[in-house]
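Presented below is the structure to which this report refers.
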Amino acid sequence: MIGDSIGLLVEESRLTVVAVGGGDRLVHFTVEGAEDPASALDAELRTRGLSAQRIGLGLDRRAVVVKALELPAGGSGDLDRMIGFELERHLPFPADEVCASWVVLPDGAGASPRVLVVATGRRPLERPLGLLAGAKRRPAAIVVASHELPGFLARTLPARRAVWAHRHGSRTDILLLLGRTLLMSRSVAVADPEELAREVRRSLPLVGWDTCDVVWISGDEAAAWASRHDLEAGLDAPLSTPPYDARHGALVAALPEEARGATLLALAVALGARRPAFDLLPAPLRPWRPSRPQLVTAAIACATALLGLTFAFTHVTLSERYLGRVSDEIRRLDPEAKAIDALAAERERNRRVLAGLESLRSASLPALPILRELTEALPESAWLQVLNMDQEGVELIGQAEAASQLIPILEGSRWLERVEFTSPVTKLQGKEQFRIRAAWELRAAPPAPVR
């Protein structure tokens, strides 16, 4: 069997598999038109003796959303949260179904940090994951296949503004690169060189370019398109095939010419990095791979463990007795410590409630009537986490089965008006989390508090 790396390109009606084994042995095949693609894939893998239990999955560029986001200048904190907040405005699927990956782009002239985000929903991932499960294999990573193409370039490639147009089937994936760094990508349908030149020119402003230094053509009929003088004239940039490094160039040349576009994408997935920059595989399914800092930490931990064992062998009796006494004392004091912590937490909650009530009383706000009315009016399925009152109005934060039903209830109060949500309603543990603000009724001044 070949000790292989396998890449699987998943398209609408076709699966393209490329495996690279020892000595750069190359195996490729296509599964198309099968009633049970998973079983057909498993049979093909077994027939060819491909032993890898983990397979890299490559998605079509059309299955994902690619966005370059500019974060607020001077922003700090959790980038994942900031990016997730920005993505909610750009994605066509619910936030709780988003699978996304991102990298920080090279610094430009602006002061604001920019990130390139690749995102998709859960449903586009269900089919490829189901195919691997049916073929009794596990995913190594889920990537956008065309985003792995820059891995074929030499690491010493100059940092030029390059446009890579990869043709496969009726689609052309356009990558905008600075050296080997991906800045943006698009998937377009072009039928002739004139349309391709127009789409390349339309893509340049996405990364703030007026022109590019070179345009590369790869995939189906790449050599014929790269020799078109009308295409080069329309692009106003040198046109050629990509400058593959020596090893990858030999593998690319071994691919079948009639299916060069799809097999090249599958090969890029097979030879992709162990830790892809854009990995859409859900975290629970990712194979664990130790990083270099983790390996260093593990080595230090092993050395420390050996020293600890040596010390333990020389002082085992004394250490065990001492630890036994400490453990007994901890167990004895643990209930008391927990009780004290609970009392302290309860005292702090009571202090805050009393302080809030005192503040409301001193401000002559109708705290008790409002509390009584809210208790009687709100449905039993709704409960409040926070109730804030000031001279302007009331703010309620809590959970309910249907938060929208609370608006008419609160509008019917004789104390309140202009009831509205101040933030989007979100789902949490089967209930809707809400934040509502209401103003005091202007028909009469707030009554004196009940004493």
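Listing for the model above:
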item	result
Net charge contributed by nearby residues that have their C-beta within less than 14 Å of VAL188 (K/R +1, D/E -1)	+2
Dipole of the chain, positive direction: furthest Cα of GLY219, TYR244, VAL66, with charges on the beta-carbon	TYR244
Under 9 Å, Cβ to Cβ, from LEU71 - net charge with Lys/Arg +1 and Asp/Glu -1	-1
Computed [θ] at 222 nm, helices only, for the chain once each DSSP H run of length n ≥ 4 contributes -39500 (n - 2.57)	-11500 deg cm²/dmol
Cα-Cα P(r), the range 276-315, percent of pairs per 5 Å interval	6, 18, 14, 14, 12, 11, 9, 7, 5, 3, 1
Dipole-positive endmost among HIS166, LEU176, GLY84 within the range 57-204 (Cβ charges, Cα centre)	HIS166
Charge dipole magnitude, Cβ of K and R +1, D and E -1 - the range 71-193, Cα centre, debye nearest 20	520
Dipole magnitude of the range 222-366 about its Cα centre (Cβ charges: Lys, Arg +1; Asp, Glu -1), debye to nearest 20	660
Net dipole in debye of the chain [+1 Lys, Arg Cβ; -1 Asp, Glu Cβ; about Cα centre; nearest 20]	1200
Label selected from (1) 90, 51, 36; (2) 63, 51, 49; (3) 90, 77, 51, the criterion being Cα extents along the principal axes in Å as computed here	(3)
DSSP-defined antiparallel bridges as percent of all bridges, the chain, nearest 5	75
For the range 187-293: span of alpha carbons on each principal axis (Å, largest first)	50, 36, 25
For the range 167-211 and the range 390-432, distance of Cα centres in Å	48
Cβ-defined net charge surrounding ASP328, 12 Å radius [Lys, Arg +1; Asp, Glu -1]	+2
Alpha-carbon Debye profile of the range 300-348, log10 I(q)/I(0) at 0.14 Å⁻¹	-0.59
Cα-based shape type of the range 277-378, given that a ≥ b ≥ c are square roots of the gyration tensor eigenvalues and the cut on a/c is 1.5	oblate
Per-residue ³J(HN,Hα) for the range 15-29, Karplus 6.51 cos²θ - 1.76 cosθ + 1.60, θ = phi - 60°, Hz, x for Gly and Pro	10, 10, 10, 10, 10, 10, x, x, x, 6, 6, 10, 10, 8, 7
Carbon and sulfur %, accessible surface of the chain computed with the full protein complex present, 1.4 Å	55
Relative contact order %, the range 118-231, counting alpha carbon pairs below 8 Å whose residues are six or more apart	23
Kyte-Doolittle at least -1.0, axis length at least 20 Å by Cα - qualifying DSSP helices, the chain	292-362
Dipole-positive endmost among SER381, LEU416, ALA189 within the chain (Cβ charges, Cα centre)	SER381
Cα gyration tensor shape for the range 334-437, rounded if a/c is under 1.5, else prolate or oblate	oblate
Solvent-accessible area per residue for the range 169-208 (1.4 angstrom probe, square angstrom)	41
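The values are calculated or read from the model by the stated rules, or taken from the named source; none is laboratory data. Quick caveat: nothing in here was measured; it's all calculated off a predicted structure. FYI the Cβ positions are ideal-geometry reconstructions off the backbone, even for glycines, and counts take in every protein chain you see. Heads up: the accessible areas ignore ligands, DNA and RNA and are worked out on the full protein's heavy atoms, side chains in. Shrake-Rupley method; radii C 1.70, N 1.55, O 1.52, S 1.80 Å.
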